[in-house]
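The values are calculated or read from the model by the stated rules, or taken from the named source; none is laboratory data. Predicted model only: the values in this text are computed from it and were never measured. Note that we place each Cβ from the backbone using ideal geometry, even for glycine, and neighbour counts take in every protein chain shown.
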């Protein structure tokens, strides 16, 4: 570590870059529906790359020739598209089923039945009918708002996702080269390092969170199905997606199925609690220690602050993207600062990518 520079040129340029980066992020969130569709496209590209890698390994093991490999690849691709369609269709049906259940039975009615078994300070103080009604309205109001936006997301997906795939597989390298060429030549090396680090850390983060969310989704899918929770497919998907948010995400994802379980019967609510408990036990004991790379670990307090700020500024999408956006900010500003100090103060920063030996000479 060394003292921060006092050169005003460094801080002025750094401030301009931070301002432009902030403006870009605000613009993306302003067009939230398009931005969410873009993120879905990025996730689908990630899944496609993973699937292609596994498929190549499988074909090499079986010794398929290139024609069989290509034909089988097309068949699998069409099958995956159909599976994705069915999954989306039944997820939406499950969401509607959950809404119907939430309207037929209310938490207030349930509370009336069980209030006599509660301690007096709970029955009259911390918990009351108005509080439960507000909680139910808030949770299902948010889900209803999401459901109403599904047609818009679907239309955006038809228009945008094929374009994202084309740009990624055909124009990605050219676009990166053009962006780097637009930067002054003395900052080319810093720009390339920033792209490499952002790609490396976001890929690491996405890998870890994808497998973590997939495992949580599968566990919740089985548990909610066995508990006969209406909308079990959608609620399991919601739990898996919200698990991306560190610390608070699992609790938020558990609220809708738990509320629906409480509306139906205490036993079903208990099954939901057991399912969520098993999922989080596996997550915290096995998945996080072995899947989450040290390179993307962030201080827990900082993570919570980032999530709260993201939620306040940009809502649920801000909560999910708070940490990836922080990583991008951190890398871009760090690399820019290093290169500016190199240029304006003639100090050299030795950089070793990988296990990151970084120090000033």
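Structure values in brief
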item	result
Single residue of 251, 210, 217, 291 found to be within 20 Å of the chain's Cα centre (by Cα), modelled with pLDDT of 80 or more and closer than 30 Å to residue 172 by Cα	210
Subset of segment 1-35 [in contact (Cβ under 8 Å) with a residue 60 or more places away in the chain and within 25 Å of residue 319 (Cβ to Cβ)]	18, 21, 25, 29, 32, 33, 34, 35
Qualifying residue in segment 3-19 (condition: at pLDDT below 80 and either surrounded by 15 or more Cβ atoms within 10 Å (Cβ to Cβ) or within 20 Å of the chain's Cα centre (by Cα) (or both))	yes
Search result, residues across segment 184-206 that are under 19 Å from residue 42 (Cβ atoms) and either in contact (Cβ under 8 Å) with a residue 60 or more places away in the chain or outside any helix (DSSP H, G or I) (or both)	194, 196, 197, 198, 200, 201, 202, 204, 205, 206
Considering residues of segment 339-355 that are in a helix (DSSP H, G or I) and surrounded by fewer than 19 Cβ atoms within 10 Å (Cβ to Cβ) only, the residue modelled with the highest pLDDT	342
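Listed here are the residues, each with its yes/no results for (1) surrounded by 12 or more Cβ atoms within 10 Å (Cβ to Cβ); (2) over 30 Å from residue 160 (Cα atoms).
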residue	(1), (2)
21	yes, no
24	no, no
29	yes, no
32	yes, no
35	yes, no
44	yes, no
53	no, no
61	no, yes
71	no, no
